[in-house]
Amino acid sequence: MKGFIKTTFAVIVGIFLSSFLLSMLGAFIVGAIVSSSNSSEPAQIDAQSILVLDITKPIREIGETDPFESLNSSFFPSNGARGLHDVLDIIDKATNDENIAGIYLKGGSFGGSLPMAVEIREALSKFKASDKFVYSYADGISETGYYVISEASRVYLNPIGNLELNGFSSEIMYFKDFFEKIGIKPEVFRVGKYKSAVEPFITDKMSDANREQISSYLNGLYDHYLVGVSASRGIDLETLRSISAEMKVRNAEDAVKFKLVDQLAYVDEVKEDIAKMLEIEETSDLSFINYSKYKDALDPRSRRKGEGKVVVLSAEGEIKYGKADGSENVITNKDLVPELNKLAEDDDVSAVVLRVNSPGGSALSSDLIWRAVQNLKKKKPVVASMSTYAASGGYYISMGCDKIVAYPNTITGSIGIFGLAFNPSDLMTKKLGLKTYTVSTGKFSNYQSLLDDFSKEDRAIIQQNVNEGYEVFTSKAAEGRNMSLDALLKVAQGRVWTGSQAYEVKLVDELGGYQKAIEVAAELAGLEEDNYKIKYLPGEKDMLQELLSSLETGSEAKIKEMVLGEYSSYVDGTMSWLESLKGVQARQPYYEVIEGFEMP
């Protein structure tokens, strides 16, 4: 009895102490945040200041408010994502700020996608055109990072660093033999010659059609990359292509030899060069200002005045039916449709830009969002602005807009749908020795049961649903694009296109990014140039809430990472993709990974 009492007392004390410590930690965090926010004042910008942009920081369509950023503490490191439009506004503001002499690009990898980098490069080019400098330093430079860095006035690389320039690749894993071994049969239903999302489950090799489309858009994406680097560095395009194809850059000296880098140096030497250029005697007298402080100095968006208002509504992530749980980065009908309906009824809104970054997902949810766009379009102009991905369901929710604007290297199209289920009957009966018996009131009462083989009639019904879904998708796409159905079908079939290719086959109207889409929307609304306000929705996410919700799964993720290593995120993505395959799908596969084009 004494042991029982002693143990119970210890448990109670433990619970009390744990609660107390957690409360104290929470109070400390909140107090530190409040104290930091109360003590912060608008930053004073000294003459000849240098804006520091750490390009390794994550960049998303929707930024995250990081409560720890102002603490500048290694105990609470800053991990918040920056909104792309905020980064562009900051560079634009620095361009017109007489106190900013230059921009210092820090780091060698890029936290955003290559399509996002298109606008950042353009913003840096405009900055340089205002007689200001852009210097870049990195210990090592990735291929994606170099696309941004190559726009710098001067590129520095660590003497023992390296620069990656060897082209793009897409590696796909095939599961057919694996499923056969464990006794699971994938039941596949699809429409479209190029709709390859389900291919790895029904064959053990890449089809000619899939190889054709991947080769086409992969080469298109890399051609755009090389053209940009060639223009920035003044290197002949074919020479650059040869450097990449043969991976001639294998160390830091090679990077200088082939004129991809201007100088090998350490960071202190870079600062000495900047001081010399600005005629400042000591590097300690250089005035560097970081992104967050410069952002707090003035909200760039408040500079826009006018009677009209253009709202940019961002939709990022895979498309799911229902409502998001708060921790997911997804697009859902129950979250996005009400927002579209509010904008339709808001008389202060002149036009809407629907910013889409999605590989697709639920066909049903996509159609419900498409309908909301149609209702919004009756009240005011709606322009789709495609980001990294606007494919399959991502294209579905874009195609009904008045105009579609895409980056040249956006991944889009994939007009096709599929259904996928996994039949474990062999696993259950032959390998595990389990049997099931069913009593039903009708012939199809046990329709689509995962514990029984699909009958021919089952398959026929599902395939009919997929066919009908494809007919709806293509007919609405043809109507939205003002094309004949025959013409639309020639560029559908589930085929993936780059933005430039999509423009050629009339799946998009204009090539460009945020600014282009906003200009098109304003013009459709009859607004005078620069005489309108711009509002971005939704606002930045609360990173503290996301942090608390992620603590629950942190241990599980750590174990997976220990077991699977670098393949952990790949397996997580694939499993999440498989688990979400409910109903007819219009989406890109998660296992098709290209550097610089990671799925949102």
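The values are calculated or read from the model by the stated rules, or taken from the named source; none is laboratory data. These numbers come from a predicted model, not from an experiment. Quick reminder, even Gly has a Cβ in these numbers, built from the backbone with ideal geometry, and neighbours come from all protein chains shown.
Test LYS380 against the criterion of being in a loop (DSSP other than H, G, I, E, B) and of a type in the set (Lys, Arg), and give yes or no.
On the way: in a loop (DSSP other than H, G, I, E, B): yes; of a type in the set (Lys, Arg): yes.
Yes.
Limited to segment 345-362, what total is found for residues that are surrounded by fewer than 23 Cβ atoms within 10 Å (Cβ to Cβ) and in a strand (DSSP E or B)?
Within segment 345-362, the first condition is being surrounded by fewer than 23 Cβ atoms within 10 Å (Cβ to Cβ), and the residues that meet it are 345-350.
Subset that is in a strand (DSSP E or B): none.
Residues in segment 345-362 being surrounded by fewer than 23 Cβ atoms within 10 Å (Cβ to Cβ) and in a strand (DSSP E or B): 0 in total.
So GLU318 fits all but one of (1) of a type in the set (D, E, K, R); (2) crowded, with 22+ Cβ neighbours inside 10 Å; (3) over 30 Å from LYS185 (Cβ atoms); what number is the exception?
Condition not satisfied by GLU318: (3).
Would you point out which residue out of THR436, THR388 is under 24 Å from ILE594 (Cβ atoms), touching a helix residue (DSSP H, G or I) at 6+ places or on another chain (Cβ under 9 Å), hydroxyl-bearing (Ser, Thr, Tyr) and assigned by TED's automatic domain parsing to the domain that holds ILE461? Outline the logic, then answer.
Values: THR436 fails: under 24 Å from ILE594 (Cβ atoms).
When all the criteria are applied, what remains is THR388.
Return a yes/no flag: does segment 415-432 have any residue that is without any contact (Cβ under 8 Å) to a residue 60 or more places away in the chain and over 30 Å from ALA460 (Cβ atoms).
Within segment 415-432 (the criterion being without any contact (Cβ under 8 Å) to a residue 60 or more places away in the chain and over 30 Å from ALA460 (Cβ atoms)), the answer is no, since none of the residues qualifies.
For a quick check of your reading of the model, give me the residue pairs whose first member lies in segment 512-540 and is under 23 Å from ASN409 (Cα atoms), whose second is among the polar types (S, T, N, Q), with beta-carbon atoms closer than 6 Å and at least 6 apart or on different chains.
Once the first residue is under 23 Å from ASN409 (Cα atoms) and sits in segment 512-540, its partners that are among the polar types (S, T, N, Q) give ALA517/SER385.
State which residue pairs qualify: first residue among the β-branched types (Val, Ile, Thr) and inside segment 257-285, second residue part of a helix (DSSP H, G or I) in any location, beta carbons under 6 Å apart, and separation of 6 or more residues or different chains.
Pairs found: VAL261/ALA255; THR283/LYS271; THR283/GLU272; THR283/ALA275.
So, in segment 389-432, exactly how many residues are among the aliphatic types (A, V, I, L, M) and at pLDDT 90 or above? Break it down stepwise before answering.
So the first thing to find is which residues in segment 389-432 are among the aliphatic types (A, V, I, L, M), and the list is 390-391, 397, 399, 404-406, 411, 415, 417, 420-421, 427-428, 432.
This time we only want the ones that are at pLDDT 90 or above, so: 390-391, 397, 399, 404-406, 411, 415.
Adding up the residues that qualify gives 9.
Yes/no per residue for (1) basic (Lys, Arg); (2) modelled with pLDDT of 95 or more:
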site	(1), (2)
ASP54	no, yes
ASP86	no, no
LYS93	yes, no
ARG121	yes, yes
LEU124	no, yes
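Being out of contact with any Cys (no Cβ under 9 Å at 6 or more places or on another chain), charged (D, E, K, R), closer than 21 Å to SER425 by Cβ and part of a helix (DSSP H, G or I) narrows it down to one residue among ASP177, ASP223; which is it?
ASP177
Only one residue in SER215, SER230 is out of contact with any helix residue (DSSP H, G or I) (no Cβ under 8 Å at 6 or more places or on another chain) and either outside the structural domain of PRO115 (by TED's automatic domain parsing) or part of a loop (DSSP other than H, G, I, E, B) (or both). Which one? Give the steps one after another, and end with the answer.
Details: SER230 fails: out of contact with any helix residue (DSSP H, G or I) (no Cβ under 8 Å at 6 or more places or on another chain).
None of the other options fit; the residue is SER215.
So is SER109 at negative phi, hydroxyl-bearing (Ser, Thr, Tyr), modelled with pLDDT of 90 or more and assigned to a loop (DSSP other than H, G, I, E, B) or not? Even if it seems obvious, please write down each step before you answer.
On the way: at negative phi: yes; hydroxyl-bearing (Ser, Thr, Tyr): yes; modelled with pLDDT of 90 or more: yes; assigned to a loop (DSSP other than H, G, I, E, B): yes.
When the stated conditions are applied, SER109 passes them.
Go through ILE415, ILE462, ILE404, ILE369 for me and flag whichever is surrounded by 18 or more Cβ atoms within 10 Å (Cβ to Cβ), part of a loop (DSSP other than H, G, I, E, B) and among the hydrophobic types (A, V, I, L, M, F, W, C). Show your work before the answer.
Working: ILE462 fails: part of a loop (DSSP other than H, G, I, E, B); ILE404 fails: part of a loop (DSSP other than H, G, I, E, B); ILE369 fails: part of a loop (DSSP other than H, G, I, E, B).
None of the others qualify; the one that does is ILE415.
State yes or no: is ASP402 out of contact with any helix residue (DSSP H, G or I) (no Cβ under 9 Å at 6 or more places or on another chain), assigned by TED's automatic domain parsing to the domain that holds ILE518 and not aromatic (Phe, Trp, Tyr)?
Working: out of contact with any helix residue (DSSP H, G or I) (no Cβ under 9 Å at 6 or more places or on another chain): no; assigned by TED's automatic domain parsing to the domain that holds ILE518: yes; not aromatic (Phe, Trp, Tyr): yes.
Criteria not met by ASP402.
Select from segment 447-478 the residues that are without any contact (Cβ under 8 Å) to a residue 60 or more places away in the chain and under 22 Å from MET386 (Cα atoms) and list them in ascending order.
Scanning segment 447-478 gives THR474, SER475, ALA478.
When residues of segment 465-504 are filtered for being among the aliphatic types (A, V, I, L, M), over 17 Å from LYS195 (Cβ atoms) and either under 26 Å from the mean Cα position of the chain (by Cα) or in a helix (DSSP H, G or I) (or both), how many remain?
3
Listed residues SER287, SER314; which is assigned by TED's automatic domain parsing to the domain that holds ALA372 and of a type in the set (S, T, N, Q)?
On the way: SER287 fails: assigned by TED's automatic domain parsing to the domain that holds ALA372.
Being assigned by TED's automatic domain parsing to the domain that holds ALA372 and of a type in the set (S, T, N, Q) holds for just one of SER287, SER314, which is SER314.
How many residues are of a type outside the set (Ser, Thr, Tyr) and surrounded by 16 or more Cβ atoms within 10 Å (Cβ to Cβ) when one looks only at segment 214-240? Can you show your working first?
First pass over segment 214-240, keeping only residues of a type outside the set (Ser, Thr, Tyr): 214, 218-221, 223-224, 226-229, 231, 233-238, 240.
Subset that is surrounded by 16 or more Cβ atoms within 10 Å (Cβ to Cβ): 214, 218, 220-221, 223-224, 226, 228-229, 233, 235, 240.
Of the residues in segment 214-240, 12 are of a type outside the set (Ser, Thr, Tyr) and surrounded by 16 or more Cβ atoms within 10 Å (Cβ to Cβ).
Please tell me if VAL311 is free of Cβ contacts under 8 Å to residues at least 60 places away in the same chain and among the aliphatic types (A, V, I, L, M). Break it down into steps so the answer makes sense when it comes.
Details: free of Cβ contacts under 8 Å to residues at least 60 places away in the same chain: no; among the aliphatic types (A, V, I, L, M): yes.
No: the conditions fail for VAL311.
Taking VAL134 as the residue in question, decide whether it is farther than 14 Å from GLY102 by Cβ, β-branched (Val, Ile, Thr), surrounded by 20 or more Cβ atoms within 10 Å (Cβ to Cβ) and in contact with a helix residue (DSSP H, G or I) (Cβ under 6 Å, 6 or more places away or on another chain).
Values: farther than 14 Å from GLY102 by Cβ: no; β-branched (Val, Ile, Thr): yes; surrounded by 20 or more Cβ atoms within 10 Å (Cβ to Cβ): yes; in contact with a helix residue (DSSP H, G or I) (Cβ under 6 Å, 6 or more places away or on another chain): yes.
Judged against the criteria, VAL134 is not a match.
Anything in segment 82-102 that is in a strand (DSSP E or B) and closer than 27 Å to THR410 by Cα? List them, or say none. Give the derivation first.
Pass one, segment 82-102, residues in a strand (DSSP E or B): 82-83, 100-102.
Scanning segment 82-102 gives ARG82, GLY83.
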